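The values are calculated or read from the model by the stated rules, or taken from the named source; none is laboratory data. Computed from a prediction, not measured in an experiment: that's the story for all the values here. No Cβ is skipped: glycine too gets one built from the backbone with ideal geometry, and neighbour counts run over all protein chains shown.
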Amino acid sequence: MKPLVLVDTPALYYRAFYSVPDSIVNDEGQPVNAVRGVLDAIAQMIRRFSSARVVATMDADWRPAFRTAIMPEYKAARIKDEEAGTEIPPELDAQLPILRAVLTAAGIPIAEADGTEADDVIATMAAESTTPVVIVSPDRDLLALLDADRDVSVLRPRKGGEWEAITAADLPELYGVESGIRYRELAALRGDPSDGLPGAAGIGEKTASTLLTNFGTLAGIVSAAKAGVKTGGLSPKRATTIVDSEEMLARTVEVMTCLTDVDHGIALDALPGSLDTAALEAAAHGQNIARSVENLLAALDSAGVSASPNTGERPGAEVPWPRARLIGFDLETTGVDPDTARIVTAALVEEPDRVEMWLADPGVEIPEAARAVHGITTEYAQANGAPAVEVVTALCTALAGFRDEGAVVVGHNIVYDLSVLDAEVRRHRPDLELRALLPAIVDTFVLDRQVDRYRRGKRTLTATAEAWGVDLLDAHDAAADARAALDISRALAMKSTEIAALTGPEIMAAQGEWKRAQAADLQAFLRRKGNADAVVDGSWPIADEDRLQSRP
């Protein structure tokens, strides 16, 4: 059975609320940044684990009475409204009904239990599960649930849209403790002021780790401190602190210990839930979350989730390409000939705010003409760039991952970028075959010429962005160019319903035909203008070796 993915929803919606721009609003002007951030994160998890067995856990009570009875100061500093006893900003609170409605319609159950926090629901489900469990949360406290005897991992977000998977086997290296239980004791010693947990004065994470390594347990540390031991990190001052803090540390550990017997009401063996497309459409109407909903639908499709009866037809695993996960791609290079050009920078961009960038040391001089375009000198690339083989390998790994997830990679005149990458692969990684790694590709250069074939003027990225009303803020910056290509692709899809209806394989086949026809037309034009030997390569998405065209 697929892994059970337990989402710490409050932690994710707070993170999205403060990191995703609040300029993203619905038809009523209400921010929906947290909704979009959570939906995108859940879609990413479904794809990552090929599992729609996802549960969105919630806080029924963010300061449960049983915890404040043990430690009244627990989370007290977070209270923003004394009368209501709440910590949640009103701009975020207003988004939660929207999020709940969308998740429920998508068949993702919401789990909460009266008088408990999401952590308690997560701990209970993790204890009940007979399949591997993935806990998705930035909260370090949930590392206490890691157990070497159970297949449980915690997935924590990192910068740039990356996620870090931590298992019990990683705890010794990361924190110097042998188990989740010991991590909880380390956290109690260290303290957490944001949760009102004071910790032992003057004892940080490294010292706590040293003490636990030398004395085994928190109880062992306390016993050694009372016995006057002065080794193993126990100076007289620390020993006094530990003894004075004994009762408080015991209460802290108790407060941090999650319940494992809450009544959450979810049948884990019945997951995933039923998708109701009509209800989902109604929940998303007017909320400006269409892109995130489409992203979630595409992820559910890839995991094999079907609509519930009488709720309308669901497409199969192959969805129209605009509904797939879209990633913008661009390279800046040392020249215009794909056979000889080397990668200088590369970018993969996924809205709303996920950008992955690479700077490479191309291993050759960067000509002045290329430097004038992208601004990067040979000296700067040599001093700060990664070896070309590392960048090429990372790009191939990313593309293969997108292929496996059913994602679509978008670029402008992407045949140039992929041809450069193909040459770099043959140069640095001859064991790989780039064509075999490619996901579905959308080339806005080809689509633009197909949709608006009689428009006069250039078809450069700058000119095309202007034609489709897309802002290109920093032309020839790889990330800016990739983002512009994404926006152009969406504008093209809105213009042409026929193109927007094509699945990934269908848009790939169509672009191959369109590219050949466009190349033939250009070749005929050049020959009519007096260049009788003109040959325009019509291969796509990777060019053949004999080429006339360079990047527009």
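Go through the residues of region 57-65 one by one and say whether even a single one is closer than 21 Å to VAL408 by Cβ and in contact with a Phe, Trp or Tyr (Cβ under 9 Å, 6 or more places away or on another chain). No. Total residues in region 495-548 satisfying the condition of being surrounded by fewer than 16 Cβ atoms within 10 Å (Cβ to Cβ), touching a residue at least 60 places away in the same chain (Cβ under 8 Å) and not assigned by TED's automatic domain parsing to the domain that holds GLY406: the figure is 1.
Restricting attention to region 493-512, does a residue exist that is of a type in the set (A, V, I, L, M), assigned to a loop (DSSP other than H, G, I, E, B) and farther than 24 Å from VAL355 by Cα?
Of all residues in region 493-512, those of a type in the set (A, V, I, L, M) come to 493-494, 499-502, 507-510.
Now narrow it down to the ones that are assigned to a loop (DSSP other than H, G, I, E, B): 501-502.
Then drop every residue that is not farther than 24 Å from VAL355 by Cα, which leaves 501-502.
Yes, region 493-512 contains at least one residue that is of a type in the set (A, V, I, L, M), assigned to a loop (DSSP other than H, G, I, E, B) and farther than 24 Å from VAL355 by Cα.
ALA126 fails exactly one of the following numbered conditions: (1) assigned to a helix (DSSP H, G or I); (2) small (Gly, Ala, Ser); (3) more than 14 Å from VAL5 (Cβ to Cβ). What is the number of that condition? Going through (1) assigned to a helix (DSSP H, G or I); (2) small (Gly, Ala, Ser); (3) more than 14 Å from VAL5 (Cβ to Cβ) one by one, ALA126 breaks only (3).
Considered as a group, the residues in region 170-181 that are assigned to a helix (DSSP H, G or I) and charged (D, E, K, R) include one that is surrounded by the fewest Cβ atoms within 10 Å (Cβ to Cβ), and that residue is GLU173. Does ALA324 fit the bill of being in contact with a Gly (Cβ under 8 Å, 6 or more places away or on another chain) and farther than 30 Å from ALA16 by Cα? When the stated conditions are applied, ALA324 does not pass them.
Answer yes or no as to whether GLY401 is surrounded by fewer than 22 Cβ atoms within 10 Å (Cβ to Cβ), at positive phi and not charged (D, E, K, R).
Details: surrounded by fewer than 22 Cβ atoms within 10 Å (Cβ to Cβ): yes; at positive phi: no; not charged (D, E, K, R): yes.
Considered against the rule, which asks whether it is surrounded by fewer than 22 Cβ atoms within 10 Å (Cβ to Cβ), at positive phi and not charged (D, E, K, R), GLY401 comes out as no.
Every condition in (1) closer than 24 Å to SER302 by Cα; (2) out of contact with any Leu (no Cβ under 7 Å at 6 or more places or on another chain); (3) at pLDDT below 95 holds for GLY107 except the one numbered (2).
In the set (1) out of contact with any His (no Cβ under 9 Å at 6 or more places or on another chain); (2) closer than 23 Å to ALA480 by Cβ, the condition left unmet by LEU432 is number (2).
Is there a residue in region 191-198 that is closer than 30 Å to SER129 by Cβ and loosely packed, with under 15 Cβ neighbours inside 10 Å? Within region 191-198 (the criterion being closer than 30 Å to SER129 by Cβ and loosely packed, with under 15 Cβ neighbours inside 10 Å), the answer is yes, since at least one residue qualifies. In summary, helices (runs of 4 or more DSSP H) completely within region 187-270 and bearing 1 or more residues that are over 20 Å from LEU171 (Cβ atoms) and within 37 Å of the chain's Cα centre (by Cα) occur at 246-256. Taken as a whole, the condition of being surrounded by 21 or more Cβ atoms within 10 Å (Cβ to Cβ) and either among the aliphatic types (A, V, I, L, M) or in the same structural domain as ILE70 (by TED's automatic domain parsing) (or both) does not apply to ALA219.
Sort through ARG449, ARG483, ARG490 and tell me the only one that's within 20 Å of PRO322 (Cα to Cα), surrounded by 17 or more Cβ atoms within 10 Å (Cβ to Cβ), touching a residue at least 60 places away in the same chain (Cβ under 8 Å) and in contact with a strand residue (DSSP E or B) (Cβ under 6 Å, 6 or more places away or on another chain). Step through it out loud before you land on a result.
Working: ARG449 fails: in contact with a strand residue (DSSP E or B) (Cβ under 6 Å, 6 or more places away or on another chain); ARG490 fails: in contact with a strand residue (DSSP E or B) (Cβ under 6 Å, 6 or more places away or on another chain).
Answer to the selection: ARG483.
Of all residues in region 214-258, those satisfying the criterion of being at negative phi and in contact with a Pro (Cβ under 9 Å, 6 or more places away or on another chain) are LYS230, SER245, MET248, THR252. The residues listed here are VAL425, VAL409, VAL391; of these, the one that is within 21 Å of MET357 (Cβ to Cβ), without any contact (Cβ under 8 Å) to a residue 60 or more places away in the chain, buried (at least 24 other Cβ atoms within 10 Å of the Cβ) and out of contact with any Lys or Arg (no Cβ under 8 Å at 6 or more places or on another chain) is VAL391. Inside region 290-311, residues that are buried (at least 17 other Cβ atoms within 10 Å of the Cβ) and either at pLDDT 90 or above or not in a loop (DSSP other than H, G, I, E, B) (or both) make up a count of 13.
Could you please give the count of residues in region 376-385 that are under 29 Å from the mean Cα position of the chain (by Cα) and exposed (fewer than 15 other Cβ atoms within 10 Å of the Cβ)? Count: 1. In the condition set (1) in a helix (DSSP H, G or I); (2) of a type outside the set (Asp, Glu); (3) modelled with pLDDT of 90 or more, ARG459 is compliant with all but (1).
Find the helices (runs of 4 or more DSSP H) located wholly in region 1-113 whose residues include 1 or more that are out of contact with any helix residue (DSSP H, G or I) (no Cβ under 6 Å at 6 or more places or on another chain) and buried (at least 16 other Cβ atoms within 10 Å of the Cβ), and list them.
Values: elements: 9-19, 33-49, 65-70, 90-93, 96-105.
Those helices (runs of 4 or more DSSP H) span 9-19, 33-49, 65-70, 96-105.
When each of ARG238, ARG184 is tested for being crowded, with 17+ Cβ neighbours inside 10 Å and without any contact (Cβ under 8 Å) to a residue 60 or more places away in the chain, the lone residue that passes is ARG238.
Scanning region 343-372 for residues that are over 30 Å from VAL35 (Cβ atoms), crowded, with 16+ Cβ neighbours inside 10 Å and among the β-branched types (Val, Ile, Thr) returns ILE343, VAL344, THR345, ILE366. Please indicate, with yes or no, whether at least one residue in region 469-485 is farther than 22 Å from LEU421 by Cα and assigned to a helix (DSSP H, G or I). No, there is no match, as no residue in region 469-485 is farther than 22 Å from LEU421 by Cα and assigned to a helix (DSSP H, G or I).
Of ASP330, ASP404, all but one fail to be within 30 Å of ILE499 (Cα to Cα) and at pLDDT 95 or above; the exception is ASP330.
Just one residue in the set THR167, THR131 is under 26 Å from the mean Cα position of the chain (by Cα), surrounded by fewer than 17 Cβ atoms within 10 Å (Cβ to Cβ) and touching a residue at least 24 places away in the same chain (Cβ under 8 Å); that residue is THR131.
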